[in-house]
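To keep things clear, I will list the structure first and then write my remarks on it.
The values are calculated or read from the model by the stated rules, or taken from the named source; none is laboratory data. Here the structure is a predicted model, which means the values were calculated and not measured. We place every Cβ from the backbone using ideal geometry, glycine too, and count neighbours over all the protein chains shown. Areas reflect the complete protein model, heavy atoms only, side chains present, ligands, DNA and RNA absent. Shrake-Rupley method; radii C 1.70, N 1.55, O 1.52, S 1.80 Å.
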Amino acid sequence: MQHIFKTTRLLVIILLTATIATAQNKTRKALFIIADGIPADAIEKLSTPNLKAIAQQGGYLRMHVGGDKGAYSQTPTISAVGYNSLLTGTWVNKHNVWGNDIKAPNYNYPTIFRLFKDQYPDKKIAVYSSWLDNRTKLVGDGLAQTNSIRVDYHADGFELDTINFKHDKESAYMHRIDEKVVEEASAGIKKNAPDLSWVYLEYTDDMGHRYGDSPQYYTAIEMMDAQVGKIWQAIQYRQKNFNEEWVIFITTDHGRSEKDGKDHGGQSTRQRSTWAVTNAKGLNIYSKYYYPGIVDIMPSIARFMNITIPVNYKREIDGIPLNGPVSVAELKVNLIQGAIDVSWKALSKDEKVKIWITPANNVKEGKPDDYKLVAEVPVGFEHVLIPVKDTPSEFYKVVVEGKYNTVNKWISPEVKK
Ligand SMILES: [Zn+2]
């Protein structure tokens, strides 16, 4: 009896060890989908069985776009502007994509693809998109400014093919393009399993512009859910047949107007209202009790994919990871008669946070900033007053560095209307 017990116990230990080893050895892969122009209220009231199945493994979050309303980081609720906020984890005052013409992206704020490739040059990235510019201009495939990043796999540009996707007045061709993109993405995932992928789907926004809140628009959203289901199936296939662990985020780039759902671009509550669905494990207290933004997805994927973000970029990212431990959130800064009033919410205990300040913004030009360490206090203090009389300026960047995340805010005379 004793002998059998010991053997059993040994077997249990071996099995446990094997399970842990397998979990650790799994290759991690990440994929995000942007489905264009769907406010939270719309996604919540429709039938989206695939999104719900994914959310069951992780969660559904209400989120926002548009930066801080009325402040220096206020960001137009426009498509490409939103995509680049996701890609760079920053608002428009940094990434500088103000509209869909994508005139002058500031590549000094690197995308998640760039950070990933710089650290893991042999890993593969993919863009499956109903809009060519996403790869060529935002990710910056092959551009000198992006360290000549190469997008290993891509399927896009179908909107330029007016023979196979003949443009029609009802924009049905756009749905067929999304279908093609999803077909290519699913096949690409099954065959090549890129390490980091972006899928972009446009049809929902087209129907929103055309019909506003309407049966046509709602049907487009339900079609998008089915498309997400196909991609999710491809991911299931990989996880079943290969030693891989995938994380997926599905989100949108902006909401729509309260009045009729046709327009966007402004700062009304519904235009700023977005959402995310993810299978990510360990969604944290920040994701649950605060109001996450589209900029939070980039640091969340970075954490899952073990991307080490260099300190100079870490101090610029406006997002906070939604997964895993977090130290600080809701940083506020205010210049009061030669002192900066810095306050935050503590999301961890028993650690000290460092406060860094600089009166200039060199990163914008691709040069290093000269930050000064001005305080180190227990995170639980949640505020500190920093005298800055010796470095008078109208502009400061303030960084609060915790053990698990770093947040930043500017003091800027510029106020958006
Ligand atoms: Zn859009």
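Worth a mention:
- Tabulated pairs, region 200-211, first under 13 Å from Ala172 (Cα atoms), second within 10 Å of the ligand (Cβ to nearest atom) and among the β-branched types (Val, Ile, Thr), C-beta under 6 angstrom, 6+ apart or interchain: Thr204/Ile38
- Taking region 84-116 as the range and being under 22 Å from Ala185 (Cα atoms) and either within 16 Å of the ligand (Cβ to nearest atom) or out of contact with any helix residue (DSSP H, G or I) (no Cβ under 9 Å at 6 or more places or on another chain) (or both) as the test, the residues that pass are Asn84, Leu86, Leu87.
- Selection from region 81-108 of residues that are closer than 24 Å to Gly266 by Cα, of a type in the set (Phe, Trp, Tyr) and touching a residue at least 24 places away in the same chain (Cβ under 8 Å): Tyr83, Trp91
- Selection of helices (runs of 4 or more DSSP H) fully inside region 166-245 by the criterion of at least 2 residues being open to solvent by less than 70 Å² (accessible area, probe 1.4 Å) and of a type in the set (Phe, Trp, Tyr) returns 203-211, 215-241.
Yes/no per residue for (1) of a type in the set (D, E, K, R); (2) more than 16 Å from the ligand (Cβ to nearest atom):
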residue: Trp246; (1), (2): no, yes
residue: Thr252; (1), (2): no, no
residue: Asp260; (1), (2): yes, yes
residue: Gln267; (1), (2): no, no
residue: Gln271; (1), (2): no, no
residue: Leu283; (1), (2): no, yes
residue: Lys288; (1), (2): yes, yes
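- Of all the residues in region 308-325, those that are of a type in the set (A, V, I, L, M) and more than 14 Å from the chain's Cα centre (by Cα) number 2.
- Of the criteria (1) open to solvent by 70 Å² or more (accessible area, probe 1.4 Å); (2) within 11 Å of Lys397 (Cα to Cα), which one Trp356 fails: (1)
Let's see how each residue does on (1) among the small types (Gly, Ala, Ser); (2) within 14 Å of the ligand (Cβ to nearest atom); (3) in contact with a Ser or Thr (Cβ under 7 Å, 6 or more places away or on another chain):
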{"residue": "Gly59", "(1), (2), (3)": "yes, no, yes"}
{"residue": "Met63", "(1), (2), (3)": "no, no, yes"}
{"residue": "Gly67", "(1), (2), (3)": "yes, no, yes"}
{"residue": "Ala71", "(1), (2), (3)": "yes, no, no"}
{"residue": "Gly82", "(1), (2), (3)": "yes, yes, no"}
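- Checklist (1) more than 12 Å from Gly89 (Cα to Cα); (2) outside any loop (DSSP other than H, G, I, E, B); (3) among the aromatic types (Phe, Trp, Tyr) applied to Tyr313, failing item: (1)
- Every residue from region 269-295 that is in a helix (DSSP H, G or I) and aromatic (Phe, Trp, Tyr): Tyr286, Tyr289
A quick yes/no check of all residues on (1) open to solvent by 30 Å² or more (accessible area, probe 1.4 Å); (2) part of a loop (DSSP other than H, G, I, E, B); (3) under 28 Å from Ser412 (Cα atoms):
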residue	(1), (2), (3)
Tyr83	no, no, yes
Leu86	no, no, yes
Lys94	no, no, yes
Gly99	no, yes, yes
Tyr107	yes, yes, yes
Asn134	no, no, no
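- Ser79 meets the conditions (1) polar (S, T, N, Q); (2) closer than 25 Å to Tyr218 by Cβ; (3) open to solvent by 10 Å² or more (accessible area, probe 1.4 Å); (4) under 17 Å from the mean Cα position of the chain (by Cα) in every case but one. The failed one is (3).
- Test: residue in region 205-217 that is modelled with pLDDT of 95 or more and in contact with a strand residue (DSSP E or B) (Cβ under 9 Å, 6 or more places away or on another chain): yes
- Criterion: in contact with a strand residue (DSSP E or B) (Cβ under 6 Å, 6 or more places away or on another chain) and open to solvent by 30 Å² or more (accessible area, probe 1.4 Å) - qualifying residue of Lys389, Lys345, Lys397, Lys364: Lys345
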